[in-house]
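> The structure under discussion is supplied below as structure tokens; questions concerning it will follow.
The values are calculated or read from the model by the stated rules, or taken from the named source; none is laboratory data. Because the structure is predicted, anything quoted here is derived from the model rather than measured. So basically every Cβ, Gly included, is an ideal-geometry build from the backbone, and we count neighbours across all protein chains shown. Ligands, DNA and RNA are excluded from the accessible area calculation, which covers all protein heavy atoms including side chains. Shrake-Rupley method; radii C 1.70, N 1.55, O 1.52, S 1.80 Å.
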Amino acid sequence: MEKQPVIALDFAKFQEAEHFLNQFSEPLYVKVGMELFYQNGPSMLYQLKEKGHRIFLDLKLHDIPTTVRKAMKGLASLEVDLVNVHAAGGQAMMEAALEGLAQGASGVKRPSIIAVTQLTSTSEHQMRNEQNIQSTLMESVVHYAELAAKSGLDGVVCSPHECQAIKLSVGDPFIRLTPGIRLSGGDLHDQVRTSTPKDANKLGSTAIVVGRAITQSLDPVKAYNDIKNEWSGLE
Ligand code: C5P
């Protein structure tokens, strides 16, 4: 993945996403998540592709292996660039996801697939108390990254703070896609493990996802370019 921030299109209506995208003159890398996808359906993906945008379909699948395999087969036929699952679903589920993608992508390029380790909105305190995982958050994230690699996946979703440890343990090439990105002093909203684009670059993220810092900005194009420049090491 090149140094183009992935913009989270967290809008309820496709018209709002279109209105937002019309401000940009270049094709972008966009993330379609649950909010947009569940309310607007797959057809909108073709409209995004027609405009030249690359698509990360962020549906975070987590179910029994057979269900995930069949679902991924269907998602592959939508010809998106990147999809994901929760690593907590386990190795058999991740292997089934990969198998379904390969089946559904026959004749076209298989979408890349990554696993969510611990959400960037999760703190170590929450993880210990609510998930009852009695390790450090770093250990949990690295463990899930190792499991994702063992299952044949292309990478993980994590926070920039865990990228170096994952790189040491799993090596490259391995996507380390990091949400929770904020410009210095920006509102954290519900994110806990956050970082600036510059730090994400230094810490070893291979891709950043940015939502509200761009979509809720008074000048989204400027916010995007500022973040892109910081992220690319141009600032
Ligand atoms: O607005 P913000 O930049 O916080 O948006 C982050 C986006 O990344 C949201 O769409 C959220 O669903 C997604 N995401 C995340 N943490 C993960 C995986 C995905 O924040 N671990």
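> Does residue 124 meet the test of being open to solvent by 20 Å² or more (accessible area, probe 1.4 Å) and touching a residue at least 12 places away in the same chain (Cβ under 8 Å)?
So residue 124 fits the description; yes.
> Name every residue in segment 164-184 that is more than 14 Å from the ligand (Cβ to nearest atom), touching a helix residue (DSSP H, G or I) at 6+ places or on another chain (Cβ under 7 Å) and open to solvent by 20 Å² or more (accessible area, probe 1.4 Å), in order of residue number.
164, 165, 169, 170
> Continuing with the same structure: For the subset of segment 6-32 comprising residues that are of a type outside the set (A, V, I, L, M), assigned to a helix (DSSP H, G or I) and within 16 Å of residue 224 (Cβ to Cβ), which member is least open to solvent (accessible area, probe 1.4 Å)?
In this case the residue turns out to be 20.
> On the given criteria, is residue 228 in contact (Cβ under 8 Å) with a residue 60 or more places away in the chain, open to solvent by 30 Å² or more (accessible area, probe 1.4 Å) and not in a loop (DSSP other than H, G, I, E, B)?
The answer is yes for residue 228.
> Name the residues in segment 110-121 that are in a loop (DSSP other than H, G, I, E, B) and surrounded by fewer than 19 Cβ atoms within 10 Å (Cβ to Cβ), would you?
Hits for segment 110-121 are 110, 121.
> Please work out which one of (1) near the ligand (Cβ under 8 Å from one of its atoms); (2) buried (at least 17 other Cβ atoms within 10 Å of the Cβ) is the condition residue 189 fails and give its number.
So the condition that residue 189 fails would be (2).
> Only residues that are within 16 Å of the ligand (Cβ to nearest atom) and either closer than 14 Å to residue 25 by Cβ or among the acidic types (Asp, Glu) (or both): list them for segment 212-227, please.
220, 224, 226, listed by residue number.
> Would you check if there is a residue in segment 56-71 being in a loop (DSSP other than H, G, I, E, B) and in contact with a Leu (Cβ under 7 Å, 6 or more places away or on another chain)? I'd like the intermediate steps shown before the answer.
As a first pass, look at segment 56-71 and keep what is in a loop (DSSP other than H, G, I, E, B): 62-64.
Still in the running and in contact with a Leu (Cβ under 7 Å, 6 or more places away or on another chain): none.
No, because not a single residue in segment 56-71 is in a loop (DSSP other than H, G, I, E, B) and in contact with a Leu (Cβ under 7 Å, 6 or more places away or on another chain).
> In this structure, is residue 88 buried (at least 19 other Cβ atoms within 10 Å of the Cβ) and either free of Cβ contacts under 8 Å to residues at least 24 places away in the same chain or in a helix (DSSP H, G or I) (or both)?
no
> Can you pull out the helices (runs of 4 or more DSSP H) entirely within segment 161-221 that have at least 1 residues that are modelled with pLDDT under 95 and more than 18 Å from the chain's Cα centre (by Cα)?
Because the criterion is at least 1 residues that are modelled with pLDDT under 95 and more than 18 Å from the chain's Cα centre (by Cα), no helices (runs of 4 or more DSSP H) in segment 161-221 meet it.
> Report, by residue number, each residue of segment 200-235 that is closer than 22 Å to residue 156 by Cβ and among the β-branched types (Val, Ile, Thr).
206, 208, 209, 210, 227
> Turning to a different aspect of this structure: Quick one: residue 144 ticks every box in (1) within 15 Å of the ligand (Cβ to nearest atom); (2) in a loop (DSSP other than H, G, I, E, B); (3) farther than 24 Å from residue 28 by Cβ; (4) not charged (D, E, K, R) except a single one, so which number is it?
Tallying (1) within 15 Å of the ligand (Cβ to nearest atom); (2) in a loop (DSSP other than H, G, I, E, B); (3) farther than 24 Å from residue 28 by Cβ; (4) not charged (D, E, K, R), residue 144 fails exactly one: (2).
> Can you find a residue in segment 33-48 that is in contact with a Leu (Cβ under 6 Å, 6 or more places away or on another chain) and open to solvent by 50 Å² or more (accessible area, probe 1.4 Å)?
Yes, because at least one residue in segment 33-48 is in contact with a Leu (Cβ under 6 Å, 6 or more places away or on another chain) and open to solvent by 50 Å² or more (accessible area, probe 1.4 Å).
> Another question, if that's okay. Quick one: which residue in 105, 92 is more than 16 Å from the ligand (Cβ to nearest atom) and either closer than 23 Å to residue 207 by Cβ or modelled with pLDDT under 95 (or both)? Don't jump to the end; show me each part of the working.
Details: 92 fails: either closer than 23 Å to residue 207 by Cβ or modelled with pLDDT under 95 (or both).
So the residue among 105, 92 that is more than 16 Å from the ligand (Cβ to nearest atom) and either closer than 23 Å to residue 207 by Cβ or modelled with pLDDT under 95 (or both) is 105.
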